[in-house]
1. Being open to solvent by less than 40 Å² (accessible area, probe 1.4 Å) and hydrophobic (A, V, I, L, M, F, W, C) is the requirement here; does A215 meet it?
2. Would you confirm, using the coordinates I've provided, whether A15 is in contact with a helix residue (DSSP H, G or I) (Cβ under 6 Å, 6 or more places away or on another chain) and not β-branched (V, I, T)?
3. Kindly indicate whether G67 is among the small types (G, A, S) and at pLDDT 90 or above.
4. Being closer than 15 Å to H184 by Cα and charged (D, E, K, R) is the filter; apply it to segment 84-111 and report the residue that is most open to solvent (accessible area, probe 1.4 Å).
5. Could you look through segment 179-200, keep only residues that are touching a Leu at 6+ places or on another chain (Cβ under 8 Å) and outside any helix (DSSP H, G or I), and pick out the one that is farthest from Y96 (Cα to Cα)?
6. Tell me which residues, restricted to segment 66-83, are part of a helix (DSSP H, G or I) and open to solvent by 20 Å² or more (accessible area, probe 1.4 Å).
7. What's the number of the condition K63 fails, among (1) of a type outside the set (V, I, T); (2) open to solvent by less than 60 Å² (accessible area, probe 1.4 Å); (3) more than 30 Å from R181 (Cβ to Cβ); (4) in a helix (DSSP H, G or I)?
8. Look at segment 18-38 and say how many of its residues are closer than 24 Å to L228 by Cβ and assigned to a strand (DSSP E or B).
Amino acid sequence: PKFTSHSDPASQWTAARKGPAFFSYSDNYLIDTDHGVILDVEGTRSIRQAEVGSTQTMLTRVKDKFGLVPDWMIADTAYGSGPMLGWLVDRDIDPYIPVIDKAARPDGTWTRTDFEWDAENDQYICPEGHALKQFRRNYSDPNRGPTGKGTARYRALKDVCQVCPSKQKCCPNADARKITREEHEDARQVARDLAKTEEYQIAMKLRKKVEMLFAHLKRILGLGRLRLRGPCGANDEFLLAATAQNLRKLAKILPAPQQTRKA
């Protein structure tokens, strides 16, 4: 908040290029990777939450206007949050997106991926075969029971962990092991499973078409600096630039008929 542009207060102070910070907007594209055609454009502030939210806006807008629903989507790790992956999986869109996962433990002990998830009984099973449960009794007060929202915490029994031979590998500094499970963990697991397929490797190669359009936007069209001010002005410039890029693509796909010259 202490950095505000006097000429364009809505712009975002950012250092996304790992260099000197500057005021900017972000240009977000929805691209058909089969032909490299830009389907929709959305200009946002240069913060990750706004950029990720623009994806939902563009997918909804393309569906309402053109009736197009993708079978899968490619994006970088910034779009691999739980809510975003859950939104895609709920709409039967396969997310070929690296998952944002901070479950790794620096002390070398077992991570959450070492525990097996038992969806039928709503519990985790540790490598030693012990169960980690969220609730071990029925609550008479509904406010203390499971809500189905937010983060759930699964715990093992203290008596079991204290005599477990693998305690030093699991929870050396705690009485019992605890594991948290996010609300959209099922969707995150879908993305992890897709990352192990051959289609995922193909999808990562197709990302070059996406990055290439942004490179052409700066190098060929010269859109390194905006001329208009405000979110609407930035969005108008992004839309005009995407239109020019699509026209260049159209000229390559459908070239003009060549006229024969008279001798």
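The values are calculated or read from the model by the stated rules, or taken from the named source; none is laboratory data. Source: prediction; values computed, not measured. So basically every Cβ, Gly included, is an ideal-geometry build from the backbone, and we count neighbours across all protein chains shown. Each accessible area value is taken on the protein alone, full model and side chains, heavy atoms only, with ligands, DNA and RNA left out. Shrake-Rupley method; radii C 1.70, N 1.55, O 1.52, S 1.80 Å.
1. Criteria not met by A215.
2. no
3. yes
4. Checked segment 84-111; the qualifying residue most open to solvent (accessible area, probe 1.4 Å) is K102.
5. Among those that are touching a Leu at 6+ places or on another chain (Cβ under 8 Å) and outside any helix (DSSP H, G or I), it is I179.
6. Those that are part of a helix (DSSP H, G or I) and open to solvent by 20 Å² or more (accessible area, probe 1.4 Å): F66, T77, A78, Y79, P83.
7. Failing condition for K63: (2).
8. 11
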